[in-house]
């Protein structure tokens, strides 16, 4: 069998998952070991209690005859031998039914009344034997009390106290050994888990980063294939998919760019056609767009906003298509009805743009570019900050180009005269801040506005 065949099973993700489960089982075993440790501690305690009960009951059975015969020396000998054989016994006493200490391991207490220590009763047997836990300054005591009876006649009781220090030491020793073993297992398990987790999640992290970059439109090198299992094949498929998506996205991007250029060109042609109806306004929309873009850049508008502003400028007089030539080309001053019809070109423009969903965003600029800052403009009498920003910008550029162009009823004003006129209308027709910035821009950009002959 070749090395490739031997390693083949370990390339499967389910094998890796099985190894992970194995490590999980080790951790679970550690948890169960802690539970077992508690059970063991309880068992050690029960063994200590059982031994103390056995000693206490044994002493009670031996002390019956000496008590009947009033053989205190024999009782003392019993207490002495039992305590001497068990170093964990703190004290041992034989107490009369009246509560007097007949014999005590501490001979100084013989003859004193026995005062039961306050403690928690752990258990009580049917023969009357009780086991209590008495708190102490260091480890505490386990006190067992068994009745002494002869022919069912109560003769007293045996009291025996065992120091818990030996119990604690035994528990500590067992606990240390168990924790040491499982501590080593836990360290090995954790190390293995970290390594395995890193091995399993590294390609996943790579895929996640690749998806994020693909979503953001970033191109990057193909993802590294770390293994030949299911994750590796998924990574290879992702690389193929990314290459395909990138190619298609580039094609779509070029197509969208061409479409957008065609769209903008169409708008320019339409604007030129509108302006061409009147020799005096030929090129007007383009000049308004250039001025508006200069002001938009000065205001810090982003490229997307500037593009929308430019197209809105090209569309701003589209409503004049519906104005009759008798009004649009009239050389004399318009009468009142004619003025009202001319003013409706903003509404006509908004109506025309409303026919196409993609043009709806230009309606506010087209409809409101003749609104006045003081609210006396048309068609809706908007004022102040209620006037859309694009409309307010177009209003300034439209005014400037109209005043610096020849009209049938007047000659063009100079740049200086136009700038003074705009400054004078700040706060009335124009937003004061926008007007100030526009005039300042014109002072810096006067040389840039050179008209072609015939415009």
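Nothing in this text is a laboratory measurement; each read-out follows from the coordinates by a stated rule. All values derive from a computational prediction rather than experimental measurement. Don't worry about glycine lacking a Cβ; one is built from the backbone with ideal geometry, like all the others, and counts go over all protein chains shown.
Tell me, in nm to one decimal, what length is gained between residue 150 and residue 351 on full extension, where the rule is 0.36 nm per residue of separation less the Cα-Cα distance?
Contour length minus the Cα-Cα distance gives 60.4 nm.
For residue 35 and residue 298 in one chain, what is 0.36 nm times their gap in residues minus the Cα-Cα distance, to one decimal in nm?
87.2 nm
When 150, 238 are ordered from fewest to most other Cβ atoms inside 10 Å of their Cβ, what list results? Provide the component values of the computation, followed by the final result.
Numbers: 150 13, 238 19.
The most exposed by this proxy come first: 150, 238.
Order these by the 10 Å Cβ neighbour count, fewest first: 369, 316, 104, 284.
104, 284, 369, 316
Evaluate E = 1/(1 + (r/R0)^6) for residue 124 and residue 179, where r is the Cβ-Cβ distance and R0 equals 35 Å; express this FRET efficiency to the nearest 0.05.
Computed FRET efficiency for residue 124 and residue 179: 0.50.
Taking R0 as 25 Å, what's the FRET efficiency between residue 417 and residue 437 from their Cβ-Cβ distance, rounded to 0.05?
About 0.80, to the nearest 0.05.
State the Cα centre-to-centre distance between segment 45-84 and segment 426-446 in whole Å.
115 Å
Applying 1/(1 + (r/R0)^6) with R0 = 51 Å to the Cβ-Cβ distance of residue 172 and residue 71, what FRET efficiency is obtained, to the nearest 0.05?
Using R0 = 51 Å, I get an efficiency of 0.75.
Provide Rg and Dmax in Å for segment 277-448, with only Cα atoms included in the calculation.
Reported Rg and Dmax, both Å: 15.4, 43.
Ranked by Cβ crowding within 10 angstrom, fewest neighbours first, how are 86, 354, 146 ordered?
Fewest to most other Cβ atoms nearby, the residues stand as 354, 86, 146.
By average Cβ neighbour count within 10 Å, what is the ranking of 416-429, 243-256 from highest down?
416-429, 243-256
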